[in-house]
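The values are calculated or read from the model by the stated rules, or taken from the named source; none is laboratory data. Only a predicted model underlies this, so the values are computations on that prediction, with no experimental measurement involved. Here the Cβ is made from the backbone with ideal geometry for all residues, glycine too, and neighbour counts use every protein chain on show.
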Amino acid sequence: MNVSRMWAVALLLQFVTLVAGISTISISGTKFYQSDGSQFYIKGVAYGSSNSIDVLTSASQCTKDAALMQTLGVNTIRVYFIDTSANHDGCMSAFEDAGIYVLVALDSTWSVINRNSPKWTTAQYSNFTAVMDAFANYNNTLGFVAGNEVINEISTSNAALYVKASALDLKKYRDGKGYRDIPVGYTGADVPSLTPTLQNYLACGSYGIDFYGQNDYNWCGSSSFTASGYSDEYAEASSYSIPIFFSEVGCTTVKPRPFTDQTAILGADMENLWSGAIVFEWLEEANDFGLVNYTSAGVISGTPTPIAAGGFSNLMSQWATLTPTGTPSSSYTPNLTPPSCPSSTASGWLINGNAALPTLNEAAVSTRKTASSTATTSSAGTSSAGSTKSTGAAGKSGTATGLPTLSTSKAKTKKARSGIATGAIAGIAVGVVALIFLAALGAFLLWRRHHKQQTAPPLDLTPEGLEVGEPPPKPELDSNVVVENPVGEHLAKPELPDTSSILAPNIRELHSNPAATTSTLGPAEMGNSPISKHIVSIGHTSELSTTPLTPKTDSVQPKAPISRRPVAASSNDALKANAPWETEAFPYPQVETTTAQAQKTPLSPETEEDDELRRLEEEERRIDAQILESERIRALKEEKLALQARKAALLEAKEKAART
């Protein structure tokens, strides 16, 4: 009798293991949700090194790191580079066992969108989709990042057109392949004159990104919600329609880092809009941003050891006490209205909101039925090396080791039936019936999930901004032609209270000579502008977007200048931006590597008609910008005439009063 019950329990555990797994994450409005309807907040760390190394290939190393991350309170890691030829099953399984999700970068040093000569080619598309194929079937894949700090100033804002096009093509590919709706988003640098407009543009219209991550190093030491500028960033995103979170944080001017910013991010100040933060970074390198180190400096190998100066214990204490519950999906009514698309200006933002996206319109063959059958096969333990995870809520693939099959259990039960009492037989029968019912229920739920995916309406393939019947945009624009517009001049910086004593010497040098600092940056440095967002001229900001921002209440006390990490010069290429200290360019691969990994699909040839069409489109955008500028000037003149008339009336009334 006891043996029979043990077999029944074993069968039930096997079924639960195959069906449960880690909860997948989905998006509703501005929030991330787990499959049980509870809101998900990111408590993450940047996991990797400054070199282009895939850190998700060693299962034993990932198991060691995942154990310590679990102790720290991590539920998300961000990785910056993926080798699509490697196997990632072991690492993804180790992090899944620890309850940790993975935010995956789609680009690499040879497929990143170049800010100075932006384009979106079939070679880049092949690289991006290869990464998506490698991670789409893992339940703990949180999302894909289509670009990191590609645009770092207004003069390179035309690159946003190609970032948005790449995200749209990737979402079409995802849906065509039958993958679950894994979000595709972007992470940007903290540039006050650029960020609000860039956020609105990438999310506006029918083909926006799924989430926006903000890299921000402004909260230093025991700063505050207002002094750090977090209150301004919160106000700027108050009407956002997609999730937003901090994709890099962790100022190091105060050691050990107190991480008091987490109280604002995961507390009452921001939890109703912001979805958490990712701390930079896990590995200790020459930059002193690390939380742990290893036996070999700068290399993830061996047993990780927490660093006191890095603030490991402080961060663990903060996260242990910050457990926001948010809004259950059943009680949440999302705002599905995207922000208005900003218009271009002569000396500011370079893209009209309704400009056609240069998508490739690559056709992805639907494999929803194939994906369903693959998931079923994988559950039986016969999946291929490249598909060891089942999609949706199927959990981990493979049969649990050491557990009997259903046929084996029945054989053993039949063999011992003669020696079992009638009550035991009845108990076994009830257990088997219950198990069959649970199996049927699980199969029905899985079938309904795949059925919904199969019957989902197809995504409109018409590029944004084009009328039906017009020719689609060509696959690739000429990379030798870059739209050039003058960069808006900034007003002189007003005098602010001297708070340099609280900053490290290198930060004071950055504020005292931002031009010299910018000129010395290498290609891998990108991010925050050295100009405080509190001294950006009002006139210049008004040109960036036609959508008014939420008014901000002036503080009673004057604000101290916010320390920002330097932004890369516009002449440098946009590569993987790990953090503010990088001064050396990341090594590009050899020609053989580029040919093998990047240029998998030949580029479509251009014709003279394509060149002429491109020139006409550029001329049209230039004329639109001039029209908007002339309308603005005309409105200002009318406003001035009205003021002069009012002034004359007041002077006349004053003279009459004096005469009487």
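Before moving on, here are some points about what is shown:
- Any hit, region 249-264, residues being under 24 Å from N148 (Cα atoms) and within 18 Å of the chain's Cα centre (by Cα): yes
- Residue match in region 245-259 (condition: at pLDDT 95 or above and of a type in the set (D, E)): yes
- The residue list P334, P339 contains one member that is closer than 30 Å to Y33 by Cβ, under 22 Å from the mean Cα position of the chain (by Cα) and surrounded by 17 or more Cβ atoms within 10 Å (Cβ to Cβ), which is P339.
- Residue tally, condition more than 19 Å from V279 (Cα to Cα), crowded, with 19+ Cβ neighbours inside 10 Å and in contact with an Asp or Glu (Cβ under 8 Å, 6 or more places away or on another chain), over region 48-81: 0
- E285 vs. criteria charged (D, E, K, R) and either outside the structural domain of I53 (by TED's automatic domain parsing) or modelled with pLDDT of 95 or more (or both): no
- G185 small (G, A, S), part of a strand (DSSP E or B), buried (at least 22 other Cβ atoms within 10 Å of the Cβ) and at pLDDT 95 or above: yes
- Checklist (1) of a type outside the set (S, T, Y); (2) surrounded by fewer than 24 Cβ atoms within 10 Å (Cβ to Cβ); (3) out of contact with any Ser or Thr (no Cβ under 9 Å at 6 or more places or on another chain) applied to G250, failing item: (2)
- Filter pass, F289 being in contact with a Leu (Cβ under 6 Å, 6 or more places away or on another chain), of a type in the set (A, V, I, L, M, F, W, C), over 30 Å from L336 (Cα atoms) and crowded, with 19+ Cβ neighbours inside 10 Å: no
- Taken together, E609, E629 contain a single residue that is at pLDDT below 85, under 30 Å from F128 (Cα atoms) and either of a type in the set (D, E, K, R) or in the same structural domain as Y125 (by TED's automatic domain parsing) (or both), which is E609.
- For the condition over 26 Å from N352 (Cα atoms), modelled with pLDDT under 95 and assigned by TED's automatic domain parsing to the domain that holds V279, S222 qualifies.
Rundown of residues vs (1) under 15 Å from the mean Cα position of the chain (by Cα); (2) aliphatic (A, V, I, L, M); (3) crowded, with 23+ Cβ neighbours inside 10 Å; (4) not in a helix (DSSP H, G or I), yes/no style:
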residue	(1), (2), (3), (4)
D169	no, no, yes, no
D175	no, no, no, no
S206	no, no, no, yes
Y217	no, no, yes, yes
A235	no, yes, no, no
F246	yes, no, yes, yes
A268	no, yes, no, yes
E271	no, no, no, yes
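- Flag if D54 is under 21 Å from the mean Cα position of the chain (by Cα), closer than 20 Å to V299 by Cα and in the same structural domain as E248 (by TED's automatic domain parsing): yes
- Residue count for region 85-118, restricted to those that are in a loop (DSSP other than H, G, I, E, B) and either in contact with a Pro (Cβ under 8 Å, 6 or more places away or on another chain) or under 21 Å from L72 (Cβ atoms) (or both): 5
- Residue within region 311-318 that is touching a residue at least 60 places away in the same chain (Cβ under 8 Å), surrounded by fewer than 19 Cβ atoms within 10 Å (Cβ to Cβ) and either part of a loop (DSSP other than H, G, I, E, B) or not assigned by TED's automatic domain parsing to the domain that holds S50 (or both) present: no
- Reported count of residues in region 131-166, each being assigned to a loop (DSSP other than H, G, I, E, B), of a type outside the set (A, V, I, L, M) and closer than 25 Å to E618 by Cα, is 3.
- Filtered by the rule that a residue be touching a Lys or Arg at 6+ places or on another chain (Cβ under 7 Å) and in a strand (DSSP E or B), region 19-43 gives a lone residue, Q39.
- Any hit, region 320-331, residues being outside any loop (DSSP other than H, G, I, E, B), modelled with pLDDT of 95 or more, assigned by TED's automatic domain parsing to the domain that holds G290 and in contact with a helix residue (DSSP H, G or I) (Cβ under 9 Å, 6 or more places away or on another chain): yes
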